[in-house]
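Single-structure report; data block below.
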């Protein structure tokens, strides 16, 4: 294979390849593509959901499905692993934490990585979001009641009653300190063995 470098301008070197090697070059490109295409395809797998207030490690090539997502702490992309940041996405790691890239990040020209906070709308401040959509910013977005995602109980389960704060679920346990006859006023034996009503 003969190669000639244009020496007229050292800043604009041009490589000329003989015509008879055109097919060789095309074959080389196809073979190399076979190695890179699978890794790009693997990156389309959805990333696992980050845990609240925990550093997030990406150990399998993936991409987030949501337009805004990320970590409430630091984020690490492991070696031999690819994080794909898709068109229009914003992927976040928290202020005071680090983004460690031991692997690869593929980022769209309209996407961004941002060190900031994640916020969710939570009108009654009970820790359950009014919707799963997330917002970014060093301060809360204007126009509604928001909480930092790091302060939420969950970011994936939408509040069934967004204007009423959740209360603790009552718990009951049987009273084993007395017998069934203590304080008994009357007794009726309902001995039906089937059906949805009883009478005596």
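The values are calculated or read from the model by the stated rules, or taken from the named source; none is laboratory data. Just so we're clear, the structure is a prediction, and the values are computed from it rather than from any experiment. Please note: Cβ atoms are built from the backbone with ideal geometry, for glycine as well, and neighbour counts cover all protein chains shown.
Numbers below:
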| item | result |
| --- | --- |
| The lone exception for residue 161 - which of (1) surrounded by 14 or more Cβ atoms within 10 Å (Cβ to Cβ); (2) part of a loop (DSSP other than H, G, I, E, B); (3) free of Cβ contacts under 8 Å to residues at least 60 places away in the same chain it fails | (1) |
| Residue, surrounded by the most Cβ atoms within 10 Å (Cβ to Cβ), within region 126-144, restricted to residues that are in contact with a strand residue (DSSP E or B) (Cβ under 7 Å, 6 or more places away or on another chain) and part of a loop (DSSP other than H, G, I, E, B) | 129 |
| Verdict on residue 147 being modelled with pLDDT of 70 or more and in contact with a helix residue (DSSP H, G or I) (Cβ under 6 Å, 6 or more places away or on another chain) | no |
| Test set (1) surrounded by 15 or more Cβ atoms within 10 Å (Cβ to Cβ); (2) modelled with pLDDT under 95 - residue 121 fails condition number | (2) |
| Which listed residue is modelled with pLDDT under 75, at negative phi and in a loop (DSSP other than H, G, I, E, B), from 168, 156 | 168 |
| Subset tally (residues that are in contact with a strand residue (DSSP E or B) (Cβ under 6 Å, 6 or more places away or on another chain) and outside any strand (DSSP E or B)) for region 109-125 | 3 |
| Residues being in a loop (DSSP other than H, G, I, E, B) and in contact with a strand residue (DSSP E or B) (Cβ under 6 Å, 6 or more places away or on another chain) - total across region 46-73 | 5 |
| Meets criteria (at pLDDT 95 or above and either touching a helix residue (DSSP H, G or I) at 6+ places or on another chain (Cβ under 7 Å) or more than 26 Å from residue 157 (Cβ to Cβ) (or both)) for residue 114 | no |
| First in region 85-99 and farther than 17 Å from residue 135 by Cα, second anywhere and crowded, with 21+ Cβ neighbours inside 10 Å, Cβ under 7 Å, 6 or more apart | 99/75; 99/93 |
